[in-house]
Each structure stands twice: as structure tokens, then as C-alpha cells.
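The values are calculated or read from the model by the stated rules, or taken from the named source; none is laboratory data. Given the structure is predicted, the values throughout are model-derived calculations rather than measurements. For neighbour counting, all protein chains shown are included, and Cβ atoms are generated from backbone atoms with ideal geometry for every residue, glycine included.
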Amino acid sequence: MSQKIFICALIFLFSFQDGQSQKVKPKAVDSTKVLYQKIERNSSKSKFKKLMYKLIFTSTRKRKPTNNDFRDKIDAEIGNNAGKIIRNINIETLDPFGYSVEDDKEKPSNSFERFGNDIHLKSKKWTIRNQLLFKKNQPLDSLLIKESERLVRSQRFVRSVIIKTVPVENSADSIDVSIRVLDSWSLIPNGSISDSRVNLEVTERNFLGLGHEFENDFGREFSPGRNSYNGQYSFNNIKNSFINATLVYNNSFINDIRKSARVERIFYSPLTRFAGGVFYESRKFTDSLPTVLPEFEALIFENETKSAWFGHASKLFSAKTVDSRNTSFVTTIGYKNLNYSRKASLTLDPYQFLNDEEIYLVSFGISTRKFIQDKFIFNYDIIEDIPFGKVFAITAGFQNKNSVKRNYYGGRFSYGHYYNFGYLSTNIELGSFFHDNKSEETTIKIEANYFTNLLSIGNWKLRHFIKPSLVIGINRNNSIKDRVSLTGMNGFGGFDNPLFNGSRKLALMFQTQTYVPGAWKGFHFSPFINTAIGLVGDSEDTFLNNKLYSTFTLGVLISNDYLVFNRFQVSFSFYPTIPLQGTNVFKTNTVKNDDFNIPEYSIGEPAIIEFK
């Protein structure tokens, strides 16, 4: 495939149009709404205008109804007070037990709740203030208010938050803003024990009320008496800059060591203008390469990774509509250097796949990113901010590896929205290296996520999830390390034999997630059924191997009102066949019921499309 043909394919990738659907319209009436509607009507006068309108905007004609009257009333009040000067910002943080952000009359009712609150250290007010996109003495902007509420709610130590306006007595042009935050219990112990080892994990997700996260995982093997330690400390949102810093140190039972440091500011909001980061990692690890199949030899590798990137987002339109403000043209540039100080010999790695490389990339794209609030998706009866929008991005650059310079071109198209029949998102990626005008190591990915509207059977609630995924590799490296397998695909934990691989795979996962009414001692139970089927093929196959692999899983997700993010689950999976292992195999806890990751519809650090 020549470079010209490949670039034409990228352009074709971006010619996809979104079908007619029920759209979400901003709740508050904007002063430029009339202009926005004129743009919509004018777009229908030609096919080209209609296409460009659909790529950028969301229709004004329909909106998804909501059933939360309390929050609708707060949103309406915020919209009615838009433009007024913010006089004061009053922040109240609540302990996790017995309180409510919606009802200030609710108080702890028993000694257990009071004891839990006594030993809990509440979030500092300035920790919450750091997440806000608005300040005192500025005009109230309803979009900044809602984005700030989302950012606070996204913190792992926060269970719920409400931001509302409070009238100022004898003032028609000023307003106060009240913020009530309900903390989650942030100290999370975990552990496991077997006849061969013991693990103890302690995570504090709001260290000293600062919003910092501190993770510690200690392990001990009884024989031959080896220890392991994994630690991570995250400084989140340093001085309201939305810059995060993370330090990591891992030392495994077999003395694999990883040390890393990352300082990064992502496009945390559709309103963000600048992003970037730097990263350093040092690793010593053990990996295996084939000698004479099926024999493998374990080798010790050592390498260092250094990378840096910078991004800028600019508005495409001057209109003040929600769609216009959430749509940006994004440019990012990035550099990565991977250097091996200890690697495999040419005998074991004749294609030098695990070798030094330098990569220079630049990306250009358009991103429209918004959020809608929903419940009973990944959590039990807790408001979740589900992203939807569009991304069109093109990446270009070059790689220096094995004394060869190769150009790289890639593209991405993502689209997601709520429809009458549920939520549907798609993600299409295409990327390839070029050397001597020939394509090498091409990757094609097509993924989708779908879940139904919330259904009811009596008092039980449930959703159905479907996730198809297709990965195709063309002219891949001959190294066994440049292969894909079903391992890591949703529902396919357990297919981890390195000899079971290929250059393409197709997987489809179905899941029914139920939510049992009520609670026991504060614990909620959400049983689920998961079925996954998949195919793996190679270059000599017509497309995919005829052998169909499958798994069947029964499980239950257990969560707690107060330990919102400390969810755990028990699951049992049946495998009719696992290649090179056996038939009728049973395994436990191989499936995560929240594997349906939804795209963020943002453009971040430019990168090579992963072949996995």
C-alpha cells in the first residue's frame, strides 16, 4: 500500500456521517440560540454544508428528557442567574456517613456512623476549590458551573456534589454560589492469602484531605521467602493548575523493578486550552523469547523511557452555544525515546523488535466533548458523567529504529451519543509506518460500545451491554512479540499462552448487568451474566481462523454506599476450550464487569496506534 493510497484512506475514514438521532440540547436558553438555529437551517441547503454541520454540531430540535426534578430545578436557577457577579463561594464538605448533599437536615443516626465520621479526615475546602473553573467577582457562567461540578464529582474521594446559586439579599446583579460535597470513605484496605503467598494493600485516596492518592501493596511468598512492594503517590491538581504529578516504584517477587515519574496536564475539560506533560521510566524486567518452539528462554531486560508532549486547543466558532464552546481544534506534538541498556541477542530477537527507538509525532484534530448524567451504569444509583461527542484526528511523524527512518501516518474517528434505544459509541483507528513507499506494521481497529436504557423487572433494574472489537494487522513484524491474542479482550481473561496468537482478531462480548433493590448492611449486590466469543487468525488464514472460542461467566458486583469506589466482585467462568491448556476449564475472577470503557472524545498525547 503506497503512502498516497493510505492517506486517501484516512480522508475516507473521516467521511463517515452520524445518522439521524435524538439529540441533547442545552437546558438553558442561550442569547445566541437564534443564530445557532439559523446555522442549522442554512446547513440543509447543500450536502456539503449538511455534512459539515453534522460533523460539528448537535441538533437543537430534540433533547433527552431527565427525571431528576431536584437537579433540574437547580440547573434552571443557575441558568436564570447567568451573568450575575459571583459575590461569595461557600464550600461545605461532609463526612461520608449519615449526611446528604441534597438534604441538609440529614444527620448521622447511630454510633457506627458517628464513629466512622470521627476517624475520617474531611476534604479540605481548598482541595475542592482547586477543582473549580470559576472564581469570585466574575460573571456566573452556567457551563463553568456544570463543568466544575463534574470535575469535583470525578475525584475518587467524592461520592456526590451539588453546586447551586443562593440569592443575595437586596441585590439584583450579584449571586452567591453554594457547594456541598459528600466525601467517600477514602482509606481502602484490601488483601488476599493463599497457601503460597499473602498480599496486603492499603490505599488512601484523599491523603490528609489534600486530594492526594497514596497506594501501597505489600506481598510475601512463603517459599522461597520473597517479598514484593508496589507503591504510588499522586499529587493531584497542584495549586489549581490541573497539573498532576505521579511517582511510582514497583519491585516484584522475581525482582522486576519499575521506577517512574510523570508530570502532566491533560485536556481535563472541553474548555481547556493548554495541555502537556513529561514522563520518565526506568525498568528492569524478565521476559521470554522462543528458542526452538515450543521452548522459551527467560531473559532480563533493562531500559529507559523518556517522553514529552504539548497540546493546544483553540475554538472554531465565536458563538456562545454549548456545542460551539465544547468544540475545539486541537494540535499536539510529542517525542518519545526508548533506550535498552540490556536486551536480547540477535539469535533470540533476530528482528530486533525489542530495541532502541525514537518517535516524533504531531496530531491535528477536531474534538466535540460533552457529558450527560446517568445512573446504574458502572455504579449503583450514583450519578455518573457519561461522555459523548465526536473526534476527528490525524497523526503524522517518523520513527528512528534499527538504523531505519520510517514515516508514520494515522487517523482516528470516534462518535458517541444517547439515542432512543440507548447509548452507542464507535471508535475507528487506522495507522501505518512507511519505508521505501511501502506500508509496514499497519494497524486497523474498529470498536463499538452499546448499552440499553435502564430496564425494570419488578423492583429489579438491569441493562444489557454489547461490545464488538476488531483488530487487523497487515505486514506486521515477524517477532512473536508483535502479535495479538484474545488475552486482554473483554471477557477473555485466561487465554495467556504466548503461542496462541495471530495478526488479527475479532471479539464480541454480551453482558446483562442487574441491580438488586435494597441493601444489606450498606452493601448493594449487582449480579451479572457475561458471554464472550472470539476468533484469532494469521496471514495464512482467509481472514480469521475457523475456530471459535468462548467463555461464559456468572458473577456479582458488590458495592457500598460509603465505599463508593471500593467495589469488588466474585465471578466464575467456564471455558469450553483454552488453546494449549485444555477443555472444560473453570476459572474465577477473570472478568471485570466494568470493562466497557467509553471513549473520552478528547485528543491527548500523540501516539502510535497500539497493536493489541
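Structure summary
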quantity	calculated
Tally, over the range 398-451, of residues that are among the hydroxyl-bearing types (Ser, Thr, Tyr) and farther than 20 Å from GLY334 by Cβ	10
The range 226-243, residues that are outside any loop (DSSP other than H, G, I, E, B) and either without any contact (Cβ under 8 Å) to a residue 40 or more places away in the chain or on the phi < 0 side of the Ramachandran plot (or both)	ASN227, SER228, TYR229, ASN230, GLY231, GLN232, TYR233, SER234, PHE235, ILE238
Matching residues, the range 106-152, being on the phi < 0 side of the Ramachandran plot, exposed (fewer than 13 other Cβ atoms within 10 Å of the Cβ) and at pLDDT 85 or above	GLU106, LYS107, PHE115, ASP118, ILE119, LYS135, LYS136, GLN138
Filter result (of a type in the set (Phe, Trp, Tyr) and in contact with a Lys or Arg (Cβ under 8 Å, 6 or more places away or on another chain)) within the range 336-369	PHE353
Selection from the range 123-180 of residues that are small (Gly, Ala, Ser), part of a helix (DSSP H, G or I) and either within 13 Å of GLU92 (Cβ to Cβ) or in contact with a Phe, Trp or Tyr (Cβ under 7 Å, 6 or more places away or on another chain) (or both)	SER148
Strands (runs of 3 or more DSSP E) contained in the range 463-582 and holding at least 1 residues at pLDDT below 85	523-537, 549-560, 568-578
Cβ-Cβ under 8 Å pairs, at least 6 apart or on other chains, the range 447-461 side touching a residue at least 60 places away in the same chain (Cβ under 8 Å) and under 28 Å from ARG412 (Cβ atoms), far side surrounded by 15 or more Cβ atoms within 10 Å (Cβ to Cβ) and of a type in the set (Phe, Trp, Tyr)	ASN449/TYR423; ASN449/PHE465; ASN449/PHE596; PHE451/TYR423; PHE451/PHE465; PHE451/PHE596
Elements of type strands (runs of 3 or more DSSP E) contained in the range 384-444, each with 1 or more residues being out of contact with any strand residue (DSSP E or B) (no Cβ under 8 Å at 6 or more places or on another chain), surrounded by fewer than 18 Cβ atoms within 10 Å (Cβ to Cβ) and in contact (Cβ under 8 Å) with a residue 40 or more places away in the chain	404-419
Among residues of the range 286-323, those that are at pLDDT below 95, charged (D, E, K, R) and within 32 Å of the chain's Cα centre (by Cα), counted	4
Cβ pairs under 6 Å, 6+ apart, first in the range 108-125 and under 9 Å from GLY209 (Cβ atoms), second crowded, with 16+ Cβ neighbours inside 10 Å and at pLDDT below 85	none
Subset of the range 208-225 [free of Cβ contacts under 8 Å to residues at least 60 places away in the same chain, on the phi > 0 side of the Ramachandran plot and among the hydrophobic types (A, V, I, L, M, F, W, C)]	none
Counted residues, the range 333-355 - those being surrounded by fewer than 20 Cβ atoms within 10 Å (Cβ to Cβ) and either among the hydroxyl-bearing types (Ser, Thr, Tyr) or under 12 Å from LYS306 (Cα atoms) (or both)	9
Every residue from the range 228-281 that is farther than 19 Å from PHE301 by Cβ and among the acidic types (Asp, Glu)	GLU264
Of all residues in the range 307-331 being touching a Gly at 6+ places or on another chain (Cβ under 8 Å) and among the aromatic types (Phe, Trp, Tyr), the one that is nearest to ALA275 (Cα to Cα)	PHE310
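Matching residues to (1) out of contact with any Asp or Glu (no Cβ under 9 Å at 6 or more places or on another chain); (2) closer than 29 Å to ASP385 by Cβ; (3) loosely packed, with under 14 Cβ neighbours inside 10 Å:
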residue	(1), (2), (3)
ASN244	no, yes, no
SER252	yes, no, no
ASN255	yes, no, yes
SER269	no, yes, no
PHE274	yes, yes, yes
GLY277	no, yes, no
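Yes/no matrix, rows are residues, columns are (1) of a type in the set (D, E, K, R); (2) more than 24 Å from GLU149 (Cα to Cα); (3) in a loop (DSSP other than H, G, I, E, B):
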site: THR272; (1), (2), (3): no, no, yes
site: ALA275; (1), (2), (3): no, no, no
site: SER288; (1), (2), (3): no, yes, no
site: LEU293; (1), (2), (3): no, yes, yes
site: ALA298; (1), (2), (3): no, yes, no
site: ASN337; (1), (2), (3): no, yes, no
